[in-house]
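Asks: Below is the structure I would like to discuss, written out as structure tokens.
The values are calculated or read from the model by the stated rules, or taken from the named source; none is laboratory data. Predicted model only: the values in this text are computed from it and were never measured. Here the Cβ is made from the backbone with ideal geometry for all residues, glycine too, and neighbour counts use every protein chain on show.
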Amino acid sequence: MSRADAELAIDLYGVTRNGNFEGANILHLPLGLEEFATQRDMDMSALLERIENIREALYTERSRREHPDLDEKIVTAWNGMMIVALAEAGGILQEPRYRSAALRAAEFLWSNSYRQNGTLWRIQLDGRSSMPALQEGYAWLADGFVHLYDLTGDSHWLERANLLASAMTRLFWDDKAGGYFMNVDADGMTAMARPKDSVDRAIPSGNAVALHVIAKLAQRAGKEADRRTSRALLASFADSINQSPSAYAYMLHGAQVLTNGAAGPQQYAARSAINVSTHLRDNKLLVDLAIKPDWHIQSHKPLQEELIPTVLGLETSVMAWALDEVSYPAPLMKDLDFQNEPLALYEGQVRITMNLRRVVPVVATPLIPVVLRLQACDGNLCLPPERHVLQVPATVPMTLAEFPDSDVLQ
């Protein structure tokens, strides 16, 4: 390595005489590459080329020493977490690499960790599976599958999530006090040997993840049994939550999902009869409603005054954006058996567009809260009016980190 590259590496990676950890230096980037190049009046492409040479020289020097051991086991729960993250990132950023990685990992786990008796393996290593999964493994993998259903619309991911959630309840549910044990019951096992993971630590607790999963399944599949289970799960920890709410942050977020639906650019309304998704293109917001057969909502201008219109708008707290115009599609004029006069309805696939205007040059918040009000009906009944707040990302990062082309994360 040349002296000039060595000096560049020292500045780039924050190397100091005293070090940043116990007298030694752990290489890191105190500044982003773009800011580093700007401060030194360097061309970005030239900087990247020199960094590549520096990394090759550093790796050559490092390879002369013994390499650390590599943990190559594949943990089902941890991969479930990463599937959740990749699916969310793939949807929000519209990045196909993240979507592909999430799908590959999920298919691998379903093929190698899911057993014919409906249970999961906890660990994979060198093509062999061992140890039954704990409750958190079922919860995280099921949550990953729910996210993939939201991302792809493929119902088999929802079916697989339901299978895992059912197995989790069968194996780990406490019939006496509610909530999920961490491990399965065994002959001679005492109550002390079956703890419950309920308090958030470095990662959310297994019971909090389970609450998220079952609440989401209730909204997507519309099963009343899932709603009962999620309410019972939340009630079983109610006293502990009241005493120490900060230790139950993710469970409280699950309670919010159970009560009001998940925050984000995609939500489910009318007991899963309507899928609502939003997209921001330039300064135009597109809101797509996928309404299941035999269901409808009123148009934005119903023909009867007593009916609830479908209305799209901004939350009153939004400061960085202003609403210029909302464009609703032409309604379907339809006669229904229970009504003596025609109705102006929306059915099937519906798109509402909202033209937005930036009030300030720089967006003050990364999310735009959009409010959708509607009332859904089928041929027999009308559900109560609903209000949904969809959090739409206002910006998208300009660069994305490369993701390794692998089937599973270790």
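Asks: Pairs needed: first member in region 213-229, surrounded by fewer than 20 Cβ atoms within 10 Å (Cβ to Cβ); second member anywhere, of a type in the set (D, E, K, R); C-beta distance under 6 Å; at least 6 residues apart or different chains.
Replies: Final answer for the pair search is Gly222/Arg271.
Asks: Then there's this: Taking the condition of being hydroxyl-bearing (Ser, Thr, Tyr) and within 14 Å of Arg99 (Cα to Cα), how many residues in region 131-150 meet it? Full working, then the answer.
Replies: Restricting attention to region 131-150, the residues satisfying the condition of being hydroxyl-bearing (Ser, Thr, Tyr) are 138, 149.
Subset that is within 14 Å of Arg99 (Cα to Cα): 149.
Adding up the residues that qualify gives 1.
Asks: Inside region 125-148, can you point out the residues that are surrounded by fewer than 22 Cβ atoms within 10 Å (Cβ to Cβ) and either assigned to a strand (DSSP E or B) or under 20 Å from the mean Cα position of the chain (by Cα) (or both)?
Replies: Correct list: Leu125, Arg128, Ser129, Ser130, Met131, Pro132.
Asks: Here's a follow-up. Filter region 266-280 for residues that are of a type in the set (Ser, Thr, Tyr) and in a strand (DSSP E or B); which is nearest to Pro369 (Cα to Cα)?
Replies: Taking region 266-280 as the starting set, the residues that turn out to be of a type in the set (Ser, Thr, Tyr) are 268, 272, 277-278.
The next check asks that each one be in a strand (DSSP E or B); those that pass are 268, 277-278.
On the way: Tyr268: 16, Ser277: 13, Thr278: 11 Å.
Ranking the qualifying residues of region 266-280, first place goes to Thr278.
Asks: Considering only residues that are more than 30 Å from the chain's Cα centre (by Cα) and surrounded by 15 or more Cβ atoms within 10 Å (Cβ to Cβ), which ones fall in region 299-347?
Replies: Result: Ser299, His300, Pro302, Leu303, Leu307, Ile308, Pro309, Pro331, Leu332, Leu343, Ala344, Leu345.
Asks: Here's a follow-up. Among the residues in region 360-380, are any surrounded by fewer than 14 Cβ atoms within 10 Å (Cβ to Cβ) and not in a loop (DSSP other than H, G, I, E, B)? Spell out how you get there, then give the answer.
Replies: Taking region 360-380 and keeping what is surrounded by fewer than 14 Cβ atoms within 10 Å (Cβ to Cβ), we get 360-362, 364, 366, 379-380.
Next, from what is left, pick out any that are not in a loop (DSSP other than H, G, I, E, B): none.
Within region 360-380 (the criterion being surrounded by fewer than 14 Cβ atoms within 10 Å (Cβ to Cβ) and not in a loop (DSSP other than H, G, I, E, B)), the answer is no, since none of the residues qualifies.
Asks: Out of all the residues in region 253-265, is one or more more than 24 Å from Gln339 (Cα to Cα) and among the hydroxyl-bearing types (Ser, Thr, Tyr)?
Replies: Yes: one or more hits.
Asks: When you go through (1) exposed (fewer than 15 other Cβ atoms within 10 Å of the Cβ); (2) in a helix (DSSP H, G or I); (3) over 28 Å from the mean Cα position of the chain (by Cα); (4) among the acidic types (Asp, Glu) one by one for Glu107, which number turns out not to apply?
Replies: (3)
Asks: Please verify whether region 46-60 includes one or more residues that are exposed (fewer than 14 other Cβ atoms within 10 Å of the Cβ) and either hydrophobic (A, V, I, L, M, F, W, C) or within 27 Å of Gly153 (Cβ to Cβ) (or both).
Replies: Within region 46-60, the first condition is being exposed (fewer than 14 other Cβ atoms within 10 Å of the Cβ), and the residues that meet it are 46, 48-49, 52, 55-56, 59-60.
Of the ones still in play, those that are also either hydrophobic (A, V, I, L, M, F, W, C) or within 27 Å of Gly153 (Cβ to Cβ) (or both) are 46, 48.
The answer is yes, given that some residue of region 46-60 is exposed (fewer than 14 other Cβ atoms within 10 Å of the Cβ) and either hydrophobic (A, V, I, L, M, F, W, C) or within 27 Å of Gly153 (Cβ to Cβ) (or both).
Asks: Are there any pairs with C-beta distances below 8 angstrom linking a residue in region 99-110 that is under 16 Å from Thr76 (Cβ atoms) and not assigned by TED's automatic domain parsing to the domain that holds Gln124 to a residue that is among the acidic types (Asp, Glu) and at pLDDT 95 or above, with the two at least 6 apart or on different chains, and if so which?
Replies: So the pair list comes out empty.
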